[in-house]
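What follows is a single structure, written as structure tokens, with notes after it.
Every number here is computed from the coordinates shown, using simple stated rules; none is lab data. Because the structure is a prediction, the values reported are computed rather than measured. A quick note on method: Cβ atoms are made from the backbone with ideal geometry, for glycine too, and the neighbour counts reach across all protein chains shown.
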Amino acid sequence: MPRESIVELRELRRSDLKKILALANRCLNRDTISDASLERITFGDPNFSPELTTVALEGDNTVGCIVGVRRIKSPEESVKVQKEIGWIKLFFVSEAYRRRGIASQMLSELEKKFRSKGIERIRITDFAGWTLFSGVDVMYQEAIGFLLSRGFRKVGEMVDYEIDLLDFHVPRTVAETKLNGVTIRKAKLGEKRRLMEWAAETFSPFWGSGISEAFKYDPPKLWVAEKNGKFLGFCMYSAAEPYGLGPIGVEPGSRKRGLGSILLFNSLSSMREEGQRMAVIGWTNQLFFYSQVPGIRRIRHYWTMEKQLE
């Protein structure tokens, strides 16, 4: 029988971040997380609450962490809609300390806190706006087995495309697409509010609020399609994460005309021109659309998982 460890569980402090970062990068062997990324999904998230994030310590050793969150501030339109949902953004235990009950302790503690706040179900990692992953990578079999044993179930699937931009080029079929009066251009700083409102209304509040990340740069890291002063589509790149591409969207009446492909390839070209080696098109189930991109090196498969709290 695996022995249990006596660990101290306490809230995350900013001073913990360096140790948590090192531990996460050792534990999550299919991922790399930067200090900026960890800051973004913890103290940089307006919804972040330290009481929902637990660090496990055995003596002076940091041996695990679980980052929980609930929607309390942003985007405002989704706070009431998602008031009964809690999320786990990150969850890991040092390999040397696994099968000692530490993961179960941290999860049980978080579930208690969620229940006290009226949370009725928990999802894993797909916290739109301030997360790193769209679900649990199916190659993390030990993690999936643990979650299934604790009452989680698969409720959806997503994939990421990882692209080597050294092998990227724009296909002739895309370069020769007829625009028929549509202008494809970079967004301008003064268009931030208008674009955010348009994206929120046309697609979702998450995309609307997410666009603000692109406007931290000058020029914004955002390509738009426009005709007669009306936005038809957009694609964001290297905004929340340097390697990230998306979201990308074309309003329903303008689809099937090649605009999405042009926005996609313009954004990837910008990433290459700005010195980015790898691009990750994440959180998608649009398998055929992205398969046209040269340089795809890996497709990662994720399970979206959920648990009903009793």
Under 18 Å from the Cα of K221, which lysines turn up, not counting those fewer than eight places away in the same chain?
K186, K188, K192
Return a whole-number percent for the relative contact order of the chain, with Cα pairs under 8 Å and 6 or more residues apart as the contact set.
20
Using only the Cα atoms of the range 169-294, what semi-axes does the equivalent ellipsoid have when each is the square root of 5 times a gyration tensor eigenvalue? Give whole Å, largest first.
19, 18, 14
Computed FRET efficiency, Cβ-Cβ of Y217 and T183, R0 25 Å: what is it to the nearest 0.05?
0.75
Too-long pairs where the Cα-Cα distance tops 23 Å, listed order kept, from K83/K216; K80/K112; K83/K307; K18/K89:
K83/K216
Sorted by packing (mean other beta-carbon atoms within 10 Å per residue), highest first, where do 145-153, 86-94, 165-173, 298-306 land?
86-94, 298-306, 145-153, 165-173
Gain in span if fully extended, R277 to E310, counting 0.36 nm per residue against the direct Cα distance
7.3 nm
Column: log10 I(q)/I(0), Debye, Cα scatterers of the chain, q = 0.07, 0.10, 0.12, 0.14 Å⁻¹:
-0.30, -0.60, -0.84, -1.10
Distance from the Cα centre of the range 16-70 to that of the range 116-137, in angstrom?
15
